[in-house]
1. List nothing, just return the count: lysine pairs in segment 36-189, 8 or more apart or interchain, with Cα separation under 25 Å.
2. With an 8 Å cut-off on Cα pairs and a minimum separation of 6 or more residues, tell me the relative contact order of the chain in percent.
3. With springs connecting C-alpha atoms under 10 Å apart, model the chain as a Gaussian network and identify which of TRP293, TRP151, TRP271 has the largest mean-square fluctuation.
4. Choose one of HIS233, PRO175, ASN192: the residue whose Cα lies farthest towards the positive end of the charge dipole of the chain (beta-carbon charges +1 Lys, Arg; -1 Asp, Glu; about the Cα centre).
5. Assigning unit charges at the beta carbon (Lys, Arg +1; Asp, Glu -1) and nothing else, what dipole magnitude in debye, to the nearest 20, does segment 123-168 show about its Cα centre?
6. For segment 153-253, which trypsin sites (Lys or Arg not before Pro) are in a loop by DSSP, counting at most 14 other Cβ atoms within 10 Å?
7. Which one, GLN52, ALA127, SER145, is farthest towards the positive end of the dipole of segment 36-189 when Lys and Arg carry +1 and Asp and Glu -1 on their Cβ?
8. Of the chain, which part is the longest with no GluC sites (Glu not before Pro) in a loop (DSSP not H, G, I, E, B) and with at most 16 other C-beta atoms within 10 angstrom?
Amino acid sequence: MALAQRTVTQTNGRANVEGFQDRFNKIANNVSGVVVTSEKNIHLALLGLFAQGHVLLEDLPGVGKTLLAKTIADSIEGKFSRIQFTSDLLPTDITGTSVFDMQNQTFEFVPGPIFANVVVADELNRAGPRTQGALLEAMAESQISADGKRWELPRPFLIVATQNLVESHGTYPLPNSQLDRFLISMSLGLPNREQELEILYRSQHGAIRVSPVATADEIVAMQETALNVEVSHPIKEYIVNLATATRENEDFIVGVSPRGSAALVRGCQAWAAISGRDFVVPEDVQELAPYIWGHRITARPEAEFSSGSEAITRILKSVPVPL
């Protein structure tokens with residue numbers, strides 16, 4: 001009886017993952033109909049949504065960062081908002097503020113743009129540190145504290161932040177405490193010749209809009225499905241060994257935190273579901289670690305790394321892979 005029950009459970013779990021993959025592919029195809037970039041870039045950007053994390057897009061201006069974020073939002077039947085970060089933006093412009101009601105002679109809290117399912121934080125590093133910090137509680141706990149109360153944010157909740165390169169004029173580097181709250185950090189890169197031609201053809205008649213292909217409730221259900229993907233003990237040991245290697249490496253000032261290890265587990269669970277599997281394999285870890293950990297480590301100035309993702313790639317080569 002126990003064996004039969006276990007078989008049914010495994011079958012149902014597999015069916016859930018297959019449904020996850022089908023719906024994910026519809027969303028990814030919806031996004032690729034507007035955004036000209038690689039399939040992997042689109043999958044990585046969507047990973048933040050299904051692993052209940054947040055995405056940081058860092059690149060040169062004009063390569064489609066905001067368009068990608070906006071199209072992801074349009075593909076989901078939920079509330080969308082966009083915050084343009086500038087040097088004079090205040091924390092209350094994000095979280096909301098209390099307004100005095102003359103008629104009732106009371107203060108009433110008016111929610112800010114952070115109260116949405118998908119929030120595009122455009123050019124995040126153009127705001128000062130105090131305003132950047134207003135996002136920390138929202139990113140970590142899906143809530144904000146305002147007017148002496150705690151306010152829950154809607155589910156699903158995703159921040160897609162775009163960041164100009166630090167060398168750009170008028171930018172403030174993001175602190176490590178905030179970088180550690182992003183699940184994925186990635187770059188779209190410049191398009192190749194064929195991709196740029198496709199961009200010109202798509203844009204000649206104006207902006208392309210997409211219709212939603214999933215509801216907010218369906219996204220929440222997919223998030224729950226991802227959390228049920230199996231992560232075996234050897235895979236967890238592998239992730240811990242990798243994290244330990246970053247902390248013991250003399251080329252790093254700061255290694256990966258336990259929060260980073262937990263983030264990699266959640267990312268691998270969602271990545272496995274995207275691939276139609278209900279279990280994580282070492283290849284998932286190797287594929288995602290540079291994107292999930294690259295922005296969480298701090299290398300010494302004398303270390304010969306062009307980026308954090310390159311540093312993590314080297315760490316992956318130095319740690320044995322479980323069989």
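1. Working: LYS40/LYS65; LYS40/LYS70; LYS65/LYS79; LYS70/LYS79; LYS79/LYS149.
Counting lysine pairs in segment 36-189 gives 5.
2. Working: 542 pairs, mean separation 70.9, N = 323.
It comes to 22 percent, rounded to a whole number.
3. Among TRP293, TRP151, TRP271, the largest GNM mean-square fluctuation belongs to TRP151.
4. Positive-end residue among those listed: HIS233.
5. Values: 5 positive and 6 negative charges, 21 e Å.
Using only the charged Cβ atoms, the result is roughly 100 debye.
6. Details: sites: ARG181, ARG193, ARG202, ARG209, LYS236, ARG247; in loops: ARG181, ARG209.
Those satisfying the criteria are ARG209.
7. Of the options given, the answer is GLN52.
8. Working: sites that count: GLU167, GLU250, GLU302, GLU304.
Between the exposed loop sites, the longest stretch runs 1-166.
Taken together, the values in this text are just the output of simple stated rules run on the coordinates, not laboratory data. Predicted, not measured: the structure shown is a model, and the values here were computed from it. FYI the Cβ positions are ideal-geometry reconstructions off the backbone, even for glycines, and counts take in every protein chain you see.
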